[in-house]
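The values are calculated or read from the model by the stated rules, or taken from the named source; none is laboratory data. Since this is a predicted model, take the numbers as computed values, not measurements. Positions of Cβ are backbone-derived with ideal geometry, glycine not excepted, and every protein chain shown enters the neighbour counts. All accessible areas refer to the heavy atoms of the entire protein, side chains included, with ligands and DNA or RNA removed. Shrake-Rupley method; radii C 1.70, N 1.55, O 1.52, S 1.80 Å.
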Amino acid sequence: MSVGEILLERGKIRPEHLQAAQAARKNPQERIDQILVRMGFVEERDVLEALGEQMSISVVDLTQIAIDRDLLKLMPTRLVHKRGLIPIEKTADTLRVATADPFDFTALDELRMLTGLKVEAVLASATEIQRLIRQHFGVGGSTIDEMIEDQPEEEDVELLSESVDENGDLVEMAQEATVVRLVNEILTEAIRDKASDIHIEPYEHDLKIRYRIDGVLQNTVLPPKIERFQAAIISRIKIMSNLNIAEKRLPQDGGFKARIHGREIDFRVSIIPTGYGEAVVMRILDRQSINLSLQQLGMGSDVLNQFERLIRMPHGIILVTGPTGSGKTTTLYAALHTIVSDEIKILTIEDPIEYYLDGINQVQTSEKIGLNFSRALRSFLRHDPDVILVGEIRDRETAEVAINASLTGHLVFSTLHTNDSSGATTRLLDMGVEPFLVSSSVEGILAQRLVRTICPHCREEYKPDRDALPQDFVIDKGQVLYRGVGCRECRQIGYRGRVGIYELMLIDDELRELIVQRASAGRIRQVAMQHGLRLLRQDGWDKVLAGHTTCEEVLRVTNVG
């Protein structure tokens, strides 16, 4: 009985699924079960069990098996990378290996000859096998092996002072299939891990690649000798980003688009010269991953209701503050997405446009031609907008144009780099904006941070030591908190995903008077708290008590109030 027939008999697929898979088969060597999985008709685990029944082979769950690193080192890396064989157990004369392809008899025979052992094959998920290969051998391990094999032996003597024109060689090497594949694997791994940035950092005897995942940089396992291909990797990224491959002394900025797993993803690239070569940072802009719902950003009900009232006001300025990477742009996009309609015109000026929104006219700044925030704002006022988004208020000129726009009947959204909501007004005053203009235009200030959420797969409760908690964190006796112990789903970190913590300061008459008097940020915060302002730490602690995040995360991103 074939695998397809077994799946039919078990009710895992329907006859029309099998017919569709057979119609999609391009050559006789292509396996029907793999086509069924690729087309989404059946789960990979169901296919493995059907294959196991057909061939009388055991099926194992690699997530429940501890892999012996010493045993991995004994395996020929070519069979691991290209054939997907993972050793899971060795006895005196037998080697058990996991494979996703039980029909690859050539690889099993080769392993028998190379090890001199009996080889017992068991079935495992191809996804899990690839995860283990990346975990133990690094991103692009098989590609690096292939590149090393193709590279000539290094000479014993190398003239370090010799002046040669290597740009032609670099262009040629950067376009080789192996280098292209290696860079693609680096990008694909970042998307798979939901990273927001890729950092490629050269050192004297090493090349590091780190991914920023949930706001924290994490090292990536890399194959040995990858530093030998540093120049080729960076040259390939330059070619993709339309940058000057010959310029290695000056910083360069560019970008490119790539289709990965069927999704179109933007990469913003920044390259700077360092002592040991060029360092690269690639910002990943995945339009499909942005959350455009205010309700799902993590605002408490009180803050959410107040913020929704603010963003529907007819005029005024609404500011969102926080450091780089705190989710300000996502919050503003969610706000625009909430209010967009056929009845209002919305214009944005951004540097750069991170995500394109339907029904909104978006403009990107260009310093080369003099199109900055303030110049674009002046032009916007002649386009009869109802709502304007200014990506960031960086100087007095932009601030004053934005304030004048709000005073002439427009609702203006923008961001500021301040630590909390109370510091935003004093920041505007420090730029040189008149106090009466700030007090009469600013309606509300939202400060925010992002904290990592506890992984739901390894979440456990525990009783905290009260003395170990900050004094401003109030907890009832015997109350439990939660933490992640680390698992495969969260890369043993204990966190997966992020949520926002917020403080929203509404500008009332007493606060407006304090702004006119140039009161300090501390005084403004004190009065705002008397009027009901809840600080970032308080909102963060609420999320700790609710089991969304940990005390350590809140302490990481907030100061004492």
**OP:** Using a 1.4 Å probe and counting only protein heavy atoms, arrange Glu128, Glu43 so the residue with the most accessible area comes first.
**Re:** Glu43, Glu128
**OP:** Please give the direction-averaged projected area of the C-alpha convex hull for segment 295-375, in square nanometres with one decimal.
**Re:** 6.5 nm²
Subject >> 31 Å Cα-Cα threshold exceeded, pairs from Lys12/Lys543; Lys73/Lys463; Lys257/Lys368; Lys225/Lys257 >> reply: Lys12/Lys543; Lys73/Lys463
Original post:
For labels at Thr63 and Gln517 in the simple 7 Å Cα→Cβ model, what's the distance in nm?
Top reply: 6.0 nm
**OP:** Could you tell me the distance between the Cα centroids of segment 420-471 and segment 177-234, to the nearest Å?
**Re:** 33 Å
**OP:** May I ask for the net charge around Gly359, where only other residues with Cβ less than 13 Å from the Cβ of Gly359 are counted and Lys, Arg are +1 while Asp, Glu are -1?
**Re:** -3
**OP:** Please work out the average accessible area per residue across the chain, using the 1.4 Å probe convention, and give it in Å².
**Re:** 51 Å²
**OP:** Write down the Å³ per residue value for the convex hull defined by the alpha carbon atoms of segment 367-411.
**Re:** 67 Å³
**OP:** Calculate how steeply helix 105-115 sits against the longest principal axis of the alpha-carbon atoms of the chain, using the helix alpha-carbon long axis, and give the answer as 0 to 90 degrees to the nearest 10.
**Re:** 80 degrees
Original post:
How high is the FRET efficiency between Ser2 and Thr94 when r is their beta carbon distance and R₀ equals 30 Å, given to the nearest 0.05?
Top reply: 0.50
Original post:
Arranged from highest to lowest average of other beta-carbon atoms within 10 Å per residue, in what order do the peptides 192-200, 389-397 appear?
Top reply: 389-397, 192-200
Subject >> Rg in Å to one decimal, and Dmax rounded to a whole Å, for segment 277-411 via C-alpha atoms >> reply: 15.5, 53
Original post:
Given the Cα-Cα distance of Gln22 and Asp70 and 0.36 nm per residue of separation, how much length would full extension add, in nm?
Top reply: 13.0 nm
Subject >> Heavy-atom SASA rank of Lys345, Lys118 (probe 1.4 Å, accessible area, largest first) >> reply: Lys118, Lys345
Original post:
Ordered by residue, what ³J(HN,Hα) values in Hz, to whole numbers, does segment 340-357 give under the Karplus form 6.51 cos²θ - 1.76 cosθ + 1.60, where θ = phi - 60° and Gly and Pro are x?
Top reply: 4, 6, 6, 8, 10, 9, 10, 10, 10, 10, 9, 9, x, 6, 8, 9, 8, 10
Subject >> Tyr482 - accessible surface, heavy atoms, 1.4 Å probe, Å² rounded to 10 >> reply: 50 Å²
Original post:
If pairing requires two Cys Cβ atoms under 4.7 Å apart, which cysteines of the chain are left without a partner?
Top reply: Cys551
Original post:
Quick one: if the Förster radius is 41 Å, what FRET efficiency do Ala177 and Asn361 give, using the C-beta to C-beta distance and rounding to 0.05?
Top reply: 0.45
Original post:
Ordered by packing density, taken as the mean number of other Cβ atoms within 10 Å over each peptide's residues, highest first, how do 63-73, 451-461 rank?
Top reply: 451-461, 63-73
Original post:
Expressed as a whole percentage, what fraction of the accessible surface of the chain belongs to carbon and sulfur atoms when a 1.4 Å probe is rolled over the protein heavy atoms?
Top reply: 47 percent
Original post:
Bin by bin, in steps of 5 Å, what percent of the Cα pairs in segment 176-251 do you find, going until the bin that has the longest distance?
Top reply: 3, 14, 24, 26, 21, 11, 2
Subject >> Approximate shape of segment 352-495 as ellipsoid semi-axes (Cα gyration tensor, √5λ), whole Å, largest first >> reply: 43, 22, 13
Original post:
Which angle between 0 and 90 degrees, to the nearest 10, do you get for helix 177-192 versus the longest principal axis of the chain when only C-alpha atoms count?
Top reply: 60 degrees
Subject >> Net charge, Asp302 excluded, C-beta distance under 12 Å - Lys, Arg +1, Asp, Glu -1 >> reply: -2
**OP:** On the full set of protein chains, 1.4 Å probe, figure out the accessible area of Lys90 and give it in Å² to the nearest 10.
**Re:** 100 Å²
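Starting from the eigenvalues of the Cα gyration tensor, five times each then square-rooted, give me the equivalent ellipsoid semi-axes of the chain, largest first, whole Å.
After scaling each eigenvalue by five and taking roots: 50, 31, 25 Å.
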Original post:
If the convex hull of the alpha-carbon atoms of segment 213-331 is projected onto planes in all directions, what is the mean projected area in square nanometres?
Top reply: 11.2 nm²
**OP:** Post the alpha-carbon centroid distance, segment 296-330 to segment 52-89, in whole angstrom.
**Re:** 50 Å
Original post:
Given 0.36 nm per residue, what is the gain on full extension from Gln130 to Val281 after removing their alpha carbon distance, in nm?
Top reply: 51.8 nm
